[in-house]
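The values are calculated or read from the model by the stated rules, or taken from the named source; none is laboratory data. This one's a predicted model, so the numbers in the text were calculated from it and none came from an experiment. Neighbour counts run over all protein chains shown; Cβ positions are idealised from the backbone, glycine included.
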Amino acid sequence: MEEHNEASLQPPVSSQQAPVPDVKQKSLIREYAESIIIAVLLALVIRTYLVQAFKIPSGSMEDTLAIGDHLLVNKFIYGTKLPFSDKRLLTLRDPRRGDVIVFEYPEDPSKDFIKRVIGTPGDVVEGKDKKVYVNGTPYENPHEIHKEKDIIPKEMNPRDTFGPVKVPPNSYFMMGDNRDRSYDSRFWGFVSRDKIKGLAFIKYWSWDKDKFMPRFRSIGKLIN
């Protein structure tokens, strides 16, 4: 009888208590998974339609942009590009002369280039001994620099003398601010509107690999 009582005094094993930790664990895993999925979707939407980060790999835009500058690019100002289409919605404005934009490199769309808009649709662009003219008027760009003193004849190379060329509809003539060391529209032609990704507007980080330190003065600087 005592043995029976002792046995009956032991806490009964509940068949409903055992699965509780497992249920909580599954609920936690599901919560984390949903949060990660939502975060990824938001990041994709932001990257595709709103803002995207880019890094400067070359010196073609010096001294406006240096190698190691990290930029944010406004992707909606020129209109949100629909997936699998060249159509754009909610366009705030078209690219203007002087805008610094990121676009797909015409000779290899897998690469992104960044240059300044010099000619818009209908403009006539011409270069004469390093001087650029748009519609017959000298184009004054305070950011342009020349690191080579020699003048290359037009017959040899279009770097210093080119054109005149008329910019086709829905196309743009692009040039780097580092004029003597930029591979741009002088060499490979125009950029079509559908290849433009967005307007570069701010540097959020900058790393000087030669000095192995950040360029603190560049961080947060607007691009113009």
Of the candidates Lys149, Lys115, Lys131, the one satisfying the condition of being closer than 20 Å to Met61 by Cα, of a type in the set (Lys, Arg) and at pLDDT below 95 is Lys149
Residue ID - farthest from Arg193 (Cα to Cα), chosen from residues in segment 73-83 that are touching a Lys or Arg at 6+ places or on another chain (Cβ under 8 Å) and part of a strand (DSSP E or B): Val73
Counting just the residues of segment 167-208 that are surrounded by 17 or more Cβ atoms within 10 Å (Cβ to Cβ) and β-branched (Val, Ile, Thr), which one comes out farthest from Asp63 (Cα to Cα)? Val167
Scan segment 106-138 for residues that are closer than 27 Å to Ile152 by Cα and touching a residue at least 40 places away in the same chain (Cβ under 8 Å) and report the count. 16
Somewhere in segment 77-87, is a residue under 23 Å from Arg217 (Cα atoms), within 24 Å of the chain's Cα centre (by Cα), modelled with pLDDT of 90 or more and not aliphatic (A, V, I, L, M)? no
Taking segment 52-102 as the search range and keeping residues that are closer than 28 Å to Thr137 by Cα and acidic (Asp, Glu), which one is surrounded by the fewest Cβ atoms within 10 Å (Cβ to Cβ)? Asp63
Counting only residues that are of a type outside the set (A, V, I, L, M, F, W, C), in a strand (DSSP E or B) and closer than 30 Å to Lys131 by Cβ, how many does segment 198-224 have? 2
Which is among the acidic types (Asp, Glu), closer than 27 Å to Phe212 by Cβ and assigned to a loop (DSSP other than H, G, I, E, B), of Asp108, Asp86, Asp63? Asp63
